[in-house]
Each structure stands twice: as structure tokens, then as C-alpha cells.
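Worksheet: one structure, shown below.
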Amino acid sequence: MYFVFDIGGTKIRVAVSTDKKTISDYKVFSTPGNFSEGVEMIVSAARGLSGGQKITAIAGGIGAPLNKNKTGVVTSYATINKSLSSWAGEPLRSALETELQATVFLENDTEVIGLAEAAQIDDYKNKIIAYYTISSGVGGSLIDHGEISSNTMGFEPGNQIIDPLQTLCPGCEKPGRLEDLIGGNYIEERTGKLPEEINDEAFWDDIARYLAIGLTNSAVHWSLDTFILGGSVMHKISIPLVEKYLQKYLTIYPQLPKIQGSQLGDLGGLQGSIAYLNSKLAQ
């Protein structure tokens, strides 16, 4: 029996698998603000879903940058973002290993989701693919020939500065990050509306343009084949419009990276965690 999880700022999804390929059963619950309560809920769910069977190994992602040893969320995250701030600096990996008596492999959630999303593309093991998620915030990962690209502390494309003088977002607290402009939480703070409640075409035209600027930066740094765009805010952003702006900004290459929407939906994190588990057990 194998256990996988996906810890986000709003929801935690957990599942078990008997074959390291498919999800046998899963559960979804709201993410508590308190770290100890969150661990307790995950452990309880693992024991319930496993039905008393021995859990052999565990893998999962969390929606925050991890420390270099991938034992938990970086301490500085508490001052950077409200989501999961109480989890910063806490020993997530060892807490789960102690309670469930199994080896835990921990990674940033966007990286494990990207692993699963990339696998939906033909010949993905011969391609360089970037996955962006635009939801409450903005995250991303780089999948290089079927593997999460080597990194020191994860990828955070949502924190790239695209508006240093804050002319696009005068009231933004941070210095012009991409996430401040297109992340769902920040859109709600600026407008007083949820992204799905906004139907102003000019507003979403701007959001598509800001996203294209971010993708341009990633394209020239990562030199890739394909962008996969996921997350709840992408339900409101036109991919053809993003492509139009990317064509305007990314002029150094003779061919643009392909852009496509995500395929796996809400369970992508769990499916990615299974893929990540397999990659770690194979080492």
C-alpha cells in the first residue's frame, strides 16, 4: 500500500494506491492553518484509507517552496505568503515518517503536478516542458525529458519581477511580481471580486498580457518546447490571447513554444505524487 498527498493553501487531497499507477481511494478536506492539526488530519486520513494495511512508502507535494533537504517549507515563507505560513520551518517530512512509519518523499506541489501533466504530451521524455499554475497564486515547474529538472530550492516563476516601478499595480504590497498581477488572491484583493465574477474583457486582456510577459521570461531562460497552463484562474484567461502576446514579446526564436491547457484537473497533484513516488523508488 502506498500513500500520496497534495497539500494546497485551500485544500488537502490524499489517496492510496496499491499498484503505484492508479488511485485506489482518495479524500479531500480543507487545509487547516495550524501545522500540527494538518499533520494529524493527514495521518488520520492515511490510516483510514489504508484500512490498517502497512504503508510501504509515501510521496506528496505542498504548495510552498521547500528547504534544500526537502524536509519542510522554508522558514522565510511565513513572511512571504499567508497561505500555509504556519507550516514554514516545521518538520513535515519527519512528522509524517514518525506517525506512519514509512519513508516520505516531499516536493513542491507544482513540480509533482507538472510531472503528471507533462506525461500527457506525446514524446514528453524527449522534450523540455514548463508547467504554470495560475490559481490563488502562481507557481511553476520545469520538466526536462520526463524528470523534474535539478534545482536547489524549487522553481518560483510567480515571484519574477515584471513591474519593478509598480506602475501596473500601484497598491501591490510586493515589488511588481507576476503573482501580484495575475494570482487569484491578489486579483480579489485589488478588485473586491473573485476572478470568476469578473467579466470585463479589457481586464482579462491585461491579465493575458502580463502572463505572456512571464512566459517570455521563462522561455528565454529555459529554452523549452511546451508550456502547460493550469489552475483555476486559467478558466478566465484565453490561451489564444496569451499566444498573441507571446508572439509579440518572444521574438528571439524562430518558433514559439507550444501552449496548451492542463489535462488532469483537481487530481493532478495526486497523480503527480504517484509519478514522483515511482521516480524516487527507482533511484
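Tabulated data for the structure shown
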| quantity | calculated |
| --- | --- |
| Correct option for Cα Rg over 2.2 N^0.38 Å [calculated from the coordinates] among (i) 1.36; (ii) 0.95; (iii) 0.99 | (iii) |
| Under 5 Å, built H, 5+ apart or other chain: amide partners of LYS11 | THR31 |
| The range 9-18 - phi-based ³J(HN,Hα) in whole Hz, Karplus 6.51/-1.76/1.60, Gly and Pro as x | x, 10, 10, 10, 10, 10, 7, 10, 9, 9 |
| Sequence-distant residues sharing a close amide H with THR71 (under 5 Å, placed H) | none |
| Linear extension gain, SER238 paired with THR103, 0.36 nm per residue minus alpha-carbon span | 44.4 nm |
| Percent antiparallel among DSSP beta bridges (both partners in the chain, rounded to 5) | 50 |
| Of LYS70/LYS127; LYS70/LYS258; LYS258/LYS280; LYS27/LYS193; LYS20/LYS280, pairs whose Cα-Cα distance is over 23 Å | LYS70/LYS127; LYS70/LYS258; LYS258/LYS280; LYS27/LYS193 |
| Amide H contacts of PHE105 (H built 1.01 Å from N, under 5 Å, at least 5 apart or other chain) | ILE58, ALA59, GLY60 |
| GNM result for the chain, Cα springs below 10 Å: residue of GLU37, GLU156, GLU111 fluctuating most strongly | GLU37 |
| At least 27 Å along the helix axis (C-alpha) and Kyte average at least 0.0, DSSP helices within the chain | 201-222 |
| Of all DSSP beta bridges in the range 121-262, antiparallel share, percent nearest 5 | 55 |
| All Cα pairs of the range 121-262, percent lying beyond 21 Å | 40 |
| Local net charge near GLU111, Cβ-Cβ under 15 Å (Lys/Arg +1, Asp/Glu -1) | -4 |
| Qualifying chymotrypsin sites (Phe, Trp or Tyr not before Pro) in the range 125-163, DSSP loop, other Cβ atoms within 10 Å at most 11 | none |
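We did not get these values from a lab; they are worked out from the coordinates using the rules stated. This is a predicted model, so every value here is computed, not measured. Cβ atoms come from the backbone with ideal geometry, glycine included; neighbour counts cover every protein chain shown.
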